[in-house]
Every structure is written in structure tokens, then in C-alpha cells.
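First the structure, in the form of C-alpha cells, and then the observations on it.
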Amino acid sequence: MLAEEFQEAQHVVVLTGAGVSAESGIPTFRGSTDSYWSQFDPMMLASVEGFRENPKLVWEWYAMRREKVLAAQPNPAHFALARLEGLVPRFTLITQNVDDLHERAGSQNPLHLHGSILVTRCSAEGRALDGADLLDDTVPPRCRRCGAYARPGVVWFGEMLPRDVWDAAERAVASADMLLIVGTSAVVHPAASLAASLPKIAPLVVVNPEETEHSRAADYFIQAPAGAALPALVEAAFGK
Ligand code: BJW
């Protein structure tokens, strides 16, 4: 029984994707008709080449998305994961999401594989910039120290994931005795291949309204939206 597996698990690892924030009103990248990549070319908006080609377009697209994130609220799925963290002996949350809704729901130190949309970096030096570090007479603004454009602190296609975050995520999955994967299409690597590090005896649990590569390999596939499924799952294992 899934509830019992949760009760017995010593280290629960959770990997989330855009689907966990969908019920907070943040569009996913793939799938539905209002998803980002069904409307825009990902290489134009989420690659270094696209940024070089049209920095203003990319900067403004991320500024629009940043506003959406700041206006959004965590949903019952985020809150259920924050609750779960306090109920199991060891818990690691790994997210591909660049929003901060897990943190705002109460999750401690989620591992952000693809960075944060709320951070601005120098496109030449990589360092994080705050308002005082920026010259804002252009769009995008520029780094006061070197004059290069500022860019969003996210990981674009073709870029390496932050090494320390990736290493911590791989270590966590390799030592997990349960992996819960929520709201990801499982097409973007290396995040999607993290599941391969799960020890064979540990159950894989997938929550997603749609089938994915992960759901086909899962021991338990809960085919439902996360906002309904996760609170029910935590309640079934640990009570109200
Ligand atoms: C719900 C729901 C509800 C809806 N409840 N669920 C191996 C094989 C093939 C390709 C590669 C490979 N290794 C590397 C690559 C290349 C590339 C890649 O993976 N390409 C594939 C797409 C073909 N990967 C990279 O480039 C990565 N870097 C890298 O590998 O570096 C090494 C390297 C360098 C140089 C050369 C070669 C290698 C970097 C990937 C960066 C991804 N960046 C983005 C944008 C981030 C910034 C931003 O936010 O703009 O990250 S792309 C986008 O996809 C975003 C997401 O984090 C990521 C994953 O998407 P996610 O979370 O799965 O969302 P969706 O929309 O795809 O799915 C939503 C799901 O939710 C669906 O399943 C719904 O059903 C579900 N859902 N409502 C629960 N209520």
C-alpha cells in the first residue's frame, strides 16, 4: 500500500516540474494550448543564442513571467509537500521550477535545478546582481562593473545546471527510499534522468494528469492534478 510505504520511508525525495505550479496560474511549458512552448519558440526565448539575437525580447518575456510569479500564490500541492517535509525523517525537494512557490508554502531549501527567475545575473561574469549593480539606461539593463547585459538567473537550453545543486540532487536520489515525481513531462534532461539513480528497491510514485516516461516506469501512477492528489496522499499516510 502506498500510504504504508510513505510511513516507512526514511528518506523521501520529491522532483517537481511546472505542473505543480499550474494550479497557481503559472503556465506550463508543454501540453496545454496556453503552455509557453505551444506559443513561442523555446530556442528564441530560452537559449544563449536567442538572448544574443534579441536581448530586449528575452528580457521583457522574463520580466512578464517574473510579474506573474510574484502575483501567484502557492496552491494545495505546494502546501502538501511542505507538510510532508515535516512528517518524514529525511526529505529532499528537487524542483525544475524557477518560481519560489515551494519556499512560500514553507519548504526548506529546495534544490532549484534550473535556477530562479527572481535572480538577475551578469551575462558575462555570471555573478548575481541587485538593483545597485545595474545601469538601467538600456533594456536589458547592464552590469555596472563590466557593461555586459543583465540576464535572468535561469538555466537555458545548452547550459550546464549549477554543479553543486545537480550533485546534491543526484546524491539525494541515490540515497532515497522513495521518489515522488510531480508535474513534469520528463522530456528535459538531465533532470528527467535523475530517476535512473533511484535504488531499484525504492518505489517510484508519479503524480500527473498525463502519462509520461516516468509514469510508465512508476510503481504507483496517480493520474490526477497535484492540487488534489498530494493533499490526499499526505492525509492517507499521516492523517489530517
Ligand atoms: C500537471 C498539472 C497539474 C499539468 N498537476 N501535473 C539528453 C537527451 C536529449 C536532450 C538532452 C539530453 N541531455 C541534454 C539535452 C539537451 C536539453 C534537453 O533536455 N532537450 C530536450 C528538451 C530535447 N537539455 C539542456 O540543454 C540542459 N542542459 C544540459 O543538458 O547541459 C549539458 C549540456 C550542455 C551543452 C551541450 C549539451 C549538454 C538544460 C535544460 C534547461 C531547461 N530550461 C527550461 C527553461 C528554464 C528557464 C525558464 O523557466 O524559462 O526549464 S525549459 C523548461 O522545461 C523549463 C522546465 O524546468 C523544463 C522542464 O519542464 P517541466 O517542468 O517538465 O514542464 P512541462 O511543461 O514540460 O510539463 C508539465 C507537466 O505537468 C506535464 O506533464 C503536464 O501533464 C503536467 N501537469 N497540470 C500535476 N495540475
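Taking the criterion of being away from the ligand (no atom under 15 Å from the Cβ) and either hydroxyl-bearing (S, T, Y) or touching a Leu at 6+ places or on another chain (Cβ under 6 Å) (or both), would at least one residue in the stretch 83-91 satisfy it? Checked against the condition, which is being away from the ligand (no atom under 15 Å from the Cβ) and either hydroxyl-bearing (S, T, Y) or touching a Leu at 6+ places or on another chain (Cβ under 6 Å) (or both), the stretch 83-91 yields no hits at all.
Taking the stretch 80-122 as the range and being open to solvent by 40 Å² or more (accessible area, probe 1.4 Å), touching a helix residue (DSSP H, G or I) at 6+ places or on another chain (Cβ under 7 Å) and either part of a loop (DSSP other than H, G, I, E, B) or at pLDDT below 95 (or both) as the test, the residues that pass are L87, Q108. Would a scan of the stretch 1-22 turn up a residue that is more than 23 Å from E170 (Cα to Cα), modelled with pLDDT under 95 and surrounded by fewer than 14 Cβ atoms within 10 Å (Cβ to Cβ)? Yes, that holds for at least one residue. Tell me whether the stretch 189-209 contains one or more residues that are more than 29 Å from P89 (Cα to Cα) and among the aliphatic types (A, V, I, L, M). The answer is no; no qualifying residue exists. Within the stretch 39-72, the set of residues being surrounded by 16 or more Cβ atoms within 10 Å (Cβ to Cβ), within 8 Å of the ligand (Cβ to nearest atom) and part of a helix (DSSP H, G or I) comprises L45, Y62, R65. The set of residues from the stretch 16-38 being more than 8 Å from the ligand (Cβ to nearest atom), touching a helix residue (DSSP H, G or I) at 6+ places or on another chain (Cβ under 9 Å) and in a helix (DSSP H, G or I) comprises just one member, S21. For F157, the conditions (1) within 15 Å of the ligand (Cβ to nearest atom); (2) over 19 Å from E60 (Cα atoms); (3) open to solvent by 70 Å² or more (accessible area, probe 1.4 Å) are fulfilled apart from (2).
Residues in the stretch 210-238 that are in contact (Cβ under 8 Å) with a residue 60 or more places away in the chain, open to solvent by 20 Å² or more (accessible area, probe 1.4 Å) and within 13 Å of the ligand (Cβ to nearest atom): E210, P225, A228, P231, L233. Checking A186, A195 one by one, the residue that is within 11 Å of the ligand (Cβ to nearest atom), within 18 Å of the chain's Cα centre (by Cα) and closer than 21 Å to S21 by Cβ is A186 and no other.
The values are calculated or read from the model by the stated rules, or taken from the named source; none is laboratory data. Values in this document were obtained by computation on a predicted structure and should not be read as measured data. Because the Cβ atoms are built from the backbone with ideal geometry, glycine has one as well, and the counts that use them run over all protein chains shown. When the accessible area is computed, the model is the full protein with side chains, heavy atoms only, and any ligands, DNA or RNA have been set aside. Shrake-Rupley method; radii C 1.70, N 1.55, O 1.52, S 1.80 Å.
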